[in-house]
Amino acid sequence: MSGVLTVRGGVPLKGRVQVRGAKNLVPKAMVAALLGNEPSVLRNVPEIKDVEVVTSLLQLHGVTVVKDPQTGDLTMDPANAKTASSAEINTHAGDSRIPILLCGPLIHSIGHAFIPDLGGCKIGDRPIDYHLDVLRKFGAVVDKEAGGIRISAPGGLKGTKIHLPYPSVGATEQVLLSATRADGITELTGAATEPEIVDLIAVLQKMGAIISVQTDRTIRIEGVRELGGYVHTALPDRNEAASWACAALVTRGDIYVQGACQRDMMTFVNTFRKIGGGMDINDDGIRFYHPGGDLKPLVLETDVHPGFMTDWQQPLVVALTQAGGVSIVHETVYENRFGFTDALVRMGAGIQLHRECLGSVPCRFGQRNFTHSAVISGPTPLKGTHIDVPDLRGGFSHMIAALAAEGTSTVTGIDVISRGYERFTSKLDGLGADFDIAKHKVMV
Ligand code: EPZ
């Protein structure tokens, strides 16, 4: 089934939403449970599609996954981990990128892995070359097959020195999930240090891993023979929190985001302040609101942590269409993350895309024909239109644009939003959004 949303714009979103465990940590912590010789318990698990995909992949490999009906907590027991057929894996992988992170844990638990070709948001080429290089450096044999890759390590994985050419979150997770039970010490330089990475390290340390993080992006892992289980409460989803903050700006509303954690959102809080947003920050969450008047334009560059997170860029661009003046956004993490602006332009936004690096430093995508810089002129009134949601964050951005627009919009493909936003439509309803959902059968 896929839903068609009819959205009547112009209603400020007001009220409270709760954000739970981070989409970009929870599935990785679930995969980490495979490394243990005891059951693990993961708390603060959101009801999102990426969790469902990893649950079925783990069950396919013999891991029991039991969900507490009251709390949603997951108990995972890897005692009977086994091989799964590649055909079955393929049908369960869905459009997630998580399967690539099963390599290390599966090699440690059953000696080999088959990983289907990956899905994920179409925001760039999304290669996995760093991942495959890492696995080979640990001594794995990586063979490309139709529909995926087969990985084995007859002699087990051996600790090694690895340098990442770019602080890739996924490749850093690949190293962490492979090195903790490898034979010997692994030194990773050029590592990602996002809050979700630090939380995954906390999970592994609870299991018995020996991991140290230095200030120069070096992570050192001393391999251990065995790991136990863990009991862990996932950190809150800073990307969902930032998305609702932008929704408050775009619709001139007032949203209290319960669970928003300032420590993980320092750069976002600074940016929200500079654009003219209002905030009340407390220990349980953050109130984000539009204080009235015009928002201020700004020049922004996305970057790896602790820079401005690329997943915050798309909803913020919608807010910048309502700022009085010219803003510039230079996207340096993904080469093709402005595709969602086409629909905004159709709604009346003044956005031009450029190949040049319009930021403080030239990035990897400069002069390579990637339109990875945006110039946004505002404020421009937005008018309702038809929108087909392109990806997770772009879809959320389209929704808040439709909610702010004059008139009615029809939005299709909203199911992709449920990959990362828990109970998305009921949260919108609770904030006073004016919309209907028409469920219709997908024509096969
Ligand atoms: C994670 O993706 C997140 N996804 C992304 O969130 C997030 O935007 C990204 O990290 C950056 O913070 C999950 O955690 C599931 P990367 P990941 O490896 O691990 C290039 C969302 O909306 N690269 O740090 O795939 C890559 O092309 C999603 O929640 C290679 O070239 O990101 C990109 O340009 C979107 N080769 C850059 O590195 C590789 O082998 C950053 O990618 C791997 C990555």
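A compact table of results
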item	result
Filter result for the condition that a residue is within 22 Å of the chain's Cα centre (by Cα), modelled with pLDDT of 95 or more and open to solvent by less than 40 Å² (accessible area, probe 1.4 Å), over E331, E301	E331
So T410, is it hydroxyl-bearing (S, T, Y) and assigned to a strand (DSSP E or B)	yes
Long-range neighbours under 6 Å by Cβ, at least six apart or interchain, first residue not assigned by TED's automatic domain parsing to the domain that holds E194 within region 306-332, second in a helix (DSSP H, G or I) and among the small types (G, A, S)	W312/A242; Q314/G394; Q314/S397; P315/S243; P315/S397; V318/S397; V318/A401
Qualifying positions in region 1-33 - small (G, A, S) and either in contact with a helix residue (DSSP H, G or I) (Cβ under 6 Å, 6 or more places away or on another chain) or modelled with pLDDT under 95 (or both)	S2, G3, G9, G15, A22, A29, A32
Residue within region 15-32 that is touching a His at 6+ places or on another chain (Cβ under 6 Å) and open to solvent by 10 Å² or more (accessible area, probe 1.4 Å) present	no
Near pairs, Cβ below 6 angstrom, 6+ apart or cross-chain, from region 148-175 (touching a residue at least 40 places away in the same chain (Cβ under 8 Å)) to any residue that is more than 8 Å from the ligand (Cβ to nearest atom) and polar (S, T, N, Q)	L157/S178; G159/T186
Selection from region 375-401 of residues that are away from the ligand (no atom under 16 Å from the Cβ) and either out of contact with any Gly (no Cβ under 6 Å at 6 or more places or on another chain) or part of a loop (DSSP other than H, G, I, E, B) (or both)	V375, I376, G378, P379, T380, P381, L382, G384, T385, H386, I387, A401
Subset of region 5-47 (residues that are more than 26 Å from G278 (Cβ to Cβ), touching a strand residue (DSSP E or B) at 6+ places or on another chain (Cβ under 7 Å) and assigned to a loop (DSSP other than H, G, I, E, B))	P39, N44, V45, P46
Residues of region 268-298 satisfying the condition of being of a type in the set (G, A, S) and exposed (fewer than 13 other Cβ atoms within 10 Å of the Cβ)	G292, G293
Among the candidates P381, P362, residue that is at pLDDT below 95 and open to solvent by 40 Å² or more (accessible area, probe 1.4 Å)	P362
Selected residue (criterion: least open to solvent (accessible area, probe 1.4 Å)) from residues of region 398-444 that are basic (K, R) and modelled with pLDDT of 90 or more	K427
Qualifying positions in region 79-127 - in contact with a Gly (Cβ under 7 Å, 6 or more places away or on another chain), small (G, A, S) and touching a residue at least 60 places away in the same chain (Cβ under 8 Å)	S86, S96
Residue count, region 175-188 (criterion: more than 13 Å from L204 (Cα to Cα) and either within 16 Å of the ligand (Cβ to nearest atom) or at pLDDT below 95 (or both))	1
Odd one out for R238 among (1) surrounded by 19 or more Cβ atoms within 10 Å (Cβ to Cβ); (2) more than 15 Å from the ligand (Cβ to nearest atom); (3) of a type in the set (K, R)	(2)
Which listed residue, of A171, A182, A140, is within 26 Å of the chain's Cα centre (by Cα) and within 26 Å of N24 (Cα to Cα)	A171
Among (1) in contact with a Pro (Cβ under 9 Å, 6 or more places away or on another chain); (2) within 14 Å of the ligand (Cβ to nearest atom); (3) of a type in the set (A, V, I, L, M) - the single one I275 does not satisfy	(2)
Filtered residue count, region 149-174, keeping only those that are away from the ligand (no atom under 15 Å from the Cβ) and either on the phi < 0 side of the Ramachandran plot or open to solvent by less than 20 Å² (accessible area, probe 1.4 Å) (or both)	10
Single residue of D125, D117 found to be within 15 Å of the ligand (Cβ to nearest atom), open to solvent by 30 Å² or more (accessible area, probe 1.4 Å) and in contact with a strand residue (DSSP E or B) (Cβ under 9 Å, 6 or more places away or on another chain)	D117
Answer residue from region 87-114, given it is open to solvent by less than 10 Å² (accessible area, probe 1.4 Å) and under 15 Å from G147 (Cβ atoms) and is modelled with the lowest pLDDT among those	A93
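The values are calculated or read from the model by the stated rules, or taken from the named source; none is laboratory data. What you are looking at is a predicted structure, and each value in this text was computed from that prediction instead of being measured. For neighbour counting, all protein chains shown are included, and Cβ atoms are generated from backbone atoms with ideal geometry for every residue, glycine included. The protein model used for the area step is the full one, side chains on, heavy atoms only, and it has no ligands, DNA or RNA in it. Shrake-Rupley method; radii C 1.70, N 1.55, O 1.52, S 1.80 Å.
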